[in-house]
1. Could you report the chain's accessible area per residue, 1.4 Å probe, as an integer in Å²?
2. In straight Cα distance, which lysines are under 20 Å from K88, not counting same-chain residues fewer than 8 positions off?
3. Which whole-number percent is the relative contact order of the chain (Cα, under 8 Å, 6+ apart)?
4. Work out the P(r) tail for the chain: percent of alpha carbon pairs separated by more than 21 Å, whole number.
5. Using a 1.4 Å probe on the protein chains only, how many percent of the accessible area of the chain belongs to carbon and sulfur?
6. So what's the angle, to the nearest 10 degrees on a 0 to 90 scale, between helix 91-111 and the longest Cα principal axis of the chain?
7. With +1 on each Lys and Arg Cβ and -1 on each Asp and Glu Cβ, and nothing else charged, work out how big the dipole of the chain is about its Cα centre, in Debye to the nearest 20.
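The values are calculated or read from the model by the stated rules, or taken from the named source; none is laboratory data. Every value quoted in this text rests on a predicted model; they were computed, and no experiment measured them. Note: ideal-geometry Cβ built from the backbone for every residue, glycine included; neighbour counts use all protein chains shown. Heavy atoms of the whole protein, side chains included, go into the accessibility calculation; ligands, DNA and RNA do not. Shrake-Rupley method; radii C 1.70, N 1.55, O 1.52, S 1.80 Å.
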Amino acid sequence: MPSMMQEHMLDNMRDHLHALQEIQAALAKSDFDKAADIAEQRLGMSSLETHGAAHMAPYMPKAMQDIGTQMHRAASRFSRTAQEAAVKNDMAPVLDDFSTLLRQCIACHDSYRLR
């Protein structure tokens, strides 16, 4: 992967980490709508264009692309669950979907490194 693309990917990963922390902070305040918005805009399927996914994908192994897609889908699912929690005030499904989202992040970071 060209060094410019590596830097772009690292910037994206850092933003993902910041987004996860902001989501967790919103959940601690039971601000489910804010958590949902952060998840969808910064991590979910809506974020693909912002992160330049189309021009990054050719430099990633197929399995890495698949894990990334699963992470973005998990973030969008989490967003919907968080929106529902704003009405139902049920934290269990939100935490379960947040765990699934984190599991996708961990799967990628366990398997791949930029060198």
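1. Value for the chain: 60 Å² per residue.
2. Qualifying lysines at Cα under 20 Å: K29, K34.
3. 27 percent
4. Percent of Cα pairs beyond 21 Å in the chain: 34.
5. Result for the chain: 53 percent of the exposed heavy-atom area is carbon or sulfur.
6. For 91-111 against the chain, the angle is about 10 degrees.
7. Value, rounded to 20: 300 debye.
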